[in-house]
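Participant: Can you read through this structure? Questions will come right after.
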Amino acid sequence: MDAIRLSPPRRLSLPVANRWGAGEMNVLDFGDPKRPVDLVFVHANGFNAMTYRSLLAPLSGTLRIWAPDLRGHGRSTLPADPNGRRGWADHRDDLTALLDALDGPPAVLAGHSMGGTSALLAAAERRDRVSKLVLLDPVIWRRWVVTAFHLPLLDRLASRIPLVKSARRRRAVFDSRAQAMAAYSGRGAFRGWPEIMLADYLSDGLIETDEGLTLACPPEWEASNYASQSHDPWKALKRLDRPVRILKAEAGSTCHVPGNPRGLPRVAVETVHGGTHFFPMLQADVARDALFDAAV
């Protein structure tokens, strides 16, 4: 098991071309390459697939897992232009291309935060390619809030959201990885993270440029993901005819789907006791068990 935990995943490069621009999607491939993909896992805003290596690698002895870098993140080279952007249709369409590339039976589709919501939006478009969904504290606002985000005035006010402002202020360039580790360790969203997970995030979260080591996800793109909220996860949930398991944080959750949600009999919602929005990092066993249960 220790060898599985430490072994690096393979890297695949998937060509993607759609109305949002063409490029390559970087995909980490865990497990036996001779078997079909069992699970596709999508990362949160600002992070990358490698961030979740220590969560996913222990499953690779039994499962084959694909973990993509979304547009504007990690080592994917898909163009990421925040101008005029209103929702996550670009992430949805990139993931539908990934699902179309799967060679085998329908797979479990899972994700954390924005990755969970983007997975949900993609699953509603490719129901035949998805067997189940596991969403780890996905970003799903209350129904009336989602409706309000479609109004022009609310769309303009999104730029004033505190998360948007803080993302734009993020330091984007570091002299070394050690400097970045010191800057993030034990602070903000990274408080309490295992050192190995923070190191994995930085391994694909920083790219070498003439200016130094630069964030692979630019602050303006991270901010755009927070501000662009005109997509409709409730509509996607209603369209799905597959089981959906949602694990939401007990504190500070971004998921406002109640237990036994009205009109959604296939959706099961559970609260991770003591969990924050980052419970996949801080309580990885809970997230890992949910992924394994869905995929076996």
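Every number in this text was worked out from the coordinates using simple rules, so none of it is lab data. A quick note: this is a predicted structure, and the numbers were derived from the prediction, not measured. Here Cβ is always computed from backbone atoms with ideal geometry, including for glycine, and neighbour counts include all displayed protein chains.
Participant: Please tell me the relative contact order of the chain in percent, rounded to the nearest whole number, where contacts are Cα pairs under 8 Å and at least six residues apart.
Facilitator: After rounding, I find 21 percent.
Participant: Let me ask you something else. Shape call for the stretch 137-296 from the C-alpha gyration tensor, a ≥ b ≥ c root eigenvalues: rounded (a/c under 1.5), prolate (a/b greater than b/c) or oblate?
Facilitator: oblate
Participant: Quick check for me: using +1 on Lys/Arg Cβ and -1 on Asp/Glu Cβ, what's the dipole size of the chain about its Cα centre, in debye to the nearest 20?
Facilitator: Dipole size: approximately 960 debye.
Participant: Using the Karplus curve 6.51 cos²θ - 1.76 cosθ + 1.60 with θ = phi - 60°, work out ³J(HN,Hα) for each residue of the stretch 116-124 in order, rounded to whole Hz, and write x for Gly and Pro.
Facilitator: With coefficients 6.51, -1.76 and 1.60, one gets x, 5, 5, 4, 4, 4, 5, 4, 5 Hz.
Participant: Further question: Residues of the stretch 13-43 with backbone nitrogen within less than 20 Å of a virtual label 7 Å along the Cα-to-Cβ line of residue 220, please, listed as ranges.
Facilitator: Residues 20-23 fall inside that zone.
Participant: Across the stretch 140-146, in residue order, what do the Karplus-derived ³J(HN,Hα) couplings come to in whole Hz, using 6.51 cos²θ - 1.76 cosθ + 1.60 with θ = phi - 60° and x for Gly and Pro?
Facilitator: Per residue, the Karplus-derived 3J(HN,Hα) values read 9, 6, 4, 4, 5, 5, 4 Hz.
Participant: Output the peptides 105-111, 188-194 sorted from most to least packed, where packing is the average of other Cβ atoms within 10 Å over each peptide's residues.
Facilitator: 105-111, 188-194
Participant: How large is the helix-only mean residue ellipticity at 222 nm for the chain, computed as the sum of -39500 (n - 2.57) over DSSP H runs with n ≥ 4, divided by its residue count, in deg cm²/dmol to the nearest 500?
Facilitator: -9500 deg cm²/dmol
Participant: I want to verify the translational diffusion coefficient of the stretch 44-115 in µm²/s; compute it with Stokes-Einstein, Rh as the Kirkwood radius over Cα pairs, at 4 °C and 1.567 mPa s.
Facilitator: 95 µm²/s
Participant: So what is the relative contact order of the stretch 140-235, in percent, for Cα pairs below 8 Å that sit 6 or more residues apart?
Facilitator: 43 percent
Participant: Non-local amide H neighbours of residue 271 (under 5 Å, H modeled in plane, Pro and chain starts lacking H): which ones?
Facilitator: 248
Participant: While we're on this one: So who's got an amide H within less than 5 Å of the one on residue 132, skipping anything under 5 residues away but keeping other chains? H placed 1.01 Å off N, in plane.
Facilitator: Answer set, sorted by chain and number: 108, 109.
Participant: Let me ask something else about it. Let me know the whole percent of all Cα-Cα pairs from the stretch 1-67 that are separated by more than 13 Å.
Facilitator: Looking at the stretch 1-67, the distances longer than 13 Å represent 64 percent of pairs.
Participant: Applying the Karplus parametrisation 6.51 cos²θ - 1.76 cosθ + 1.60 with θ = phi - 60° to the phi angles of the stretch 254-262, what ³J(HN,Hα) value in whole Hz is obtained for each residue in order, glycine and proline being reported as x?
Facilitator: Running phi through 6.51 cos²θ - 1.76 cosθ + 1.60 with θ = phi - 60° gives 9, 10, 10, 8, x, x, 6, x, 4 Hz.
Participant: Moving to a separate point now. Report Rg(Cα)/(2.2 N^0.38 Å) for the chain, keeping two decimals.
Facilitator: Details: Rg = 17.9 Å, N = 296, 2.2 N^0.38 = 19.1 Å.
That ratio works out to 0.93.
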